[in-house]
Amino acid sequence: MSLMLRRRLFTIKPMHAINQTVLDEAVSAVKAVWPNAKPAFGIILGSGWRDAVSGFAVKASLSYSEIPNLGKTGAPGHAGQLIHAEFNDKEVFVFQGRRHLYEGEGWAPVVLPVWILKQFGVQTVLLTNASGGIREDLGPGSLMAMSDHINMLGGNPLAGPHKPAFGDRFPDQSSVYTPALRSVLEDAGASSGVYLATSGPTFETPAEIRAFRALGADAVGMSTVPEAIFANALGLQVAGLSCVCNWAAGLGHETLSGEDVIRTAGEAMPRMRAAIEHFVKEVQ
């Protein structure tokens, strides 16, 4: 085996520890553009969710390409921009789209939005995603408030040398998703359930779904858990809201595709929009 090949094998980006300097560069760039911004909330929109904030008043927007180390999103249905908005007299930062671990750029771009929110003084973040339903009552178009998660990503964004700025070395995860925030989402019509995250980009096999059901998963996806882990470690209040866009593998009769995820999310958009607006109105 050549020296170059050995180096490549042992430098896989997703397993690299997060470089705080990389995160701070992004914060500096956003603060240079919006030095007076004081968002009360942060929202990260997953696949199919980009229009869920169409009722917000947009003050300004910033392409991800203008934010160092964040970069272009690699999944369909992600606008790839940070918007500075207002709703119900509250200032909000909305990340329209996320980076995924399967894109191969490591943990930093995945958790970078959470770090930006923290550095702007945000204390509450709402994470959204599209998922596949496992539980019988979570069919396509359902909304699920995340009560807990199962990490099957094969890694953890906090792995590596401890950085005190990222919180405790061993953060407690007994209640990653703040119960009071989850209650607000339930009041908006969401069921409560456990989300399981895989690394993707493939959809799961029917055998994997049977195993995940036995583990206690109610829905499955390829995101959100890294941001939730990081936000919880930073001391933020976290809420997770999933739009179930298809039955998980082996539970339906359709071939799974990214296009169908976006289509189902579009059909469920009125409920998705109403849930987010209710959340921003009710949470103090």
(message) Using Cα-Cα distances under 8 Å and only pairs 6 or more residues apart, what relative contact order does the chain have, in percent?
(response) 25 percent
(message) In 5 Å bins starting at zero, report the fraction of Cα pairs in region 51-91 per bin as a rounded %.
(response) 5, 22, 24, 22, 17, 8, 2
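Calculate how many DSSP beta bridges within the chain are antiparallel, expressed in % of all such bridges and rounded to the nearest 5.
The answer is about 40 percent antiparallel.
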(request) Return the single residue from 240, 121, 141 with maximal mean-square fluctuation; model: Gaussian network over the chain, springs between Cα atoms under 10 Å. (result) 121
(message) Going by average Cβ density within 10 Å per residue, which order do the peptides 95-101, 167-173 take, highest to lowest?
(response) 95-101, 167-173
(message) Students often check this: by mean Cβ neighbours within 10 Å, which of 53-64, 127-138 ranks highest, and how do the rest follow?
(response) 127-138, 53-64
(request) Kindly write out, for region 48-55 in residue order, the coupling ³J(HN,Hα) from the Karplus curve 6.51 cos²θ - 1.76 cosθ + 1.60 (θ = phi - 60°), rounded to whole Hz, with x marking Gly and Pro. (result) x, 9, 4, 8, 6, 10, 5, x
(message) Just to check, using Stokes-Einstein with a Kirkwood Rh over alpha carbon pairs, what's the diffusion coefficient of region 171-214 at 37 °C and 0.692 mPa s in µm²/s?
(response) 251 µm²/s
(request) Translational diffusion coefficient, Stokes-Einstein: compute it for region 159-239 using the Kirkwood radius over C-alpha pairs as Rh, at 4 °C and 1.567 mPa s, and state it as an integer in µm² s⁻¹. (result) 89 µm²/s
(request) Report, to two decimal places, the Cα Rg of region 69-124 normalised by 2.2 N^0.38 Å (N = number of residues). (result) 1.21
(request) Report the net charge of residues surrounding residue 146, where surrounding means a beta-carbon distance below 12 angstrom and charges are Lys +1, Arg +1, Asp -1, Glu -1. (result) -3
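Quick check on the chain: helices-only [θ] at 222 nm, where DSSP H runs of length 4 and up contribute -39,500 (n - 2.57) each and the sum goes over total residues. Nearest 500, please.
On the way: 8 runs with 85 residues, N = 284.
It lands at -9000 deg cm²/dmol.
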(message) I need two numbers for region 102-165: Rg to one decimal and Dmax as a whole number, Cα atoms only, in Å.
(response) 15.2, 42
(message) Just to verify a number: FRET efficiency for residue 51 and residue 20, C-beta to C-beta distance, R0 = 41 Å, to 0.05?
(response) 0.75
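Taking every DSSP beta bridge with both residues inside region 117-263, roughly what % is antiparallel (nearest 5)?
Among the beta bridges of region 117-263, antiparallel pairing accounts for roughly 20 percent.
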(request) Lys and Arg at +1, Asp and Glu at -1: add these up for the other residues within a Cβ distance under 9 Å of residue 84 and post the number. (result) -1
(message) Using just the Cα positions, wrap region 40-158 in a convex hull and report its mean projected area in square nanometres, one decimal place.
(response) 8.4 nm²
(request) Would you kindly state how much longer the chain becomes between residue 159 and residue 33 on full extension, computed as 0.36 nm times their sequence separation minus their alpha carbon distance, in nm to one decimal? (result) 42.2 nm
(request) Select one label from [x] 19.0; [y] 19.4; [z] 20.7: the one whose number is Kirkwood radius over Cα pairs in Å as derived from the coordinates shown. (result) [x]
(request) Positive end of the charge dipole of region 3-282 (Lys, Arg +1 and Asp, Glu -1 on Cβ, about the Cα centre): tell me which of 17, 274, 195 has its Cα farthest that way. (result) 17
(request) Pop out the ³J(HN,Hα) list for region 124-130 in order, Karplus 6.51 cos²θ - 1.76 cosθ + 1.60 with θ = phi - 60°, rounded to Hz; leave Gly and Pro as x. (result) 10, 10, 10, 9, 10, 7, 9
(request) Write down the radius of gyration of region 198-256 and its Dmax, each obtained from C-alpha positions, in Å. (result) 13.4, 42
(message) Taking R0 as 51 Å, what FRET efficiency do you get between residue 123 and residue 255 from their Cβ-Cβ distance, rounded to the nearest 0.05?
(response) 0.75
(message) Cβ neighbours within 10 Å, averaged per peptide: list 195-203, 267-275 in order, most packed at the top.
(response) 195-203, 267-275
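Values quoted throughout were computed directly from the atomic coordinates according to the rules given, and no laboratory measurement underlies them. Predicted model only: the values in this text are computed from it and were never measured. We place every Cβ from the backbone using ideal geometry, glycine too, and count neighbours over all the protein chains shown.
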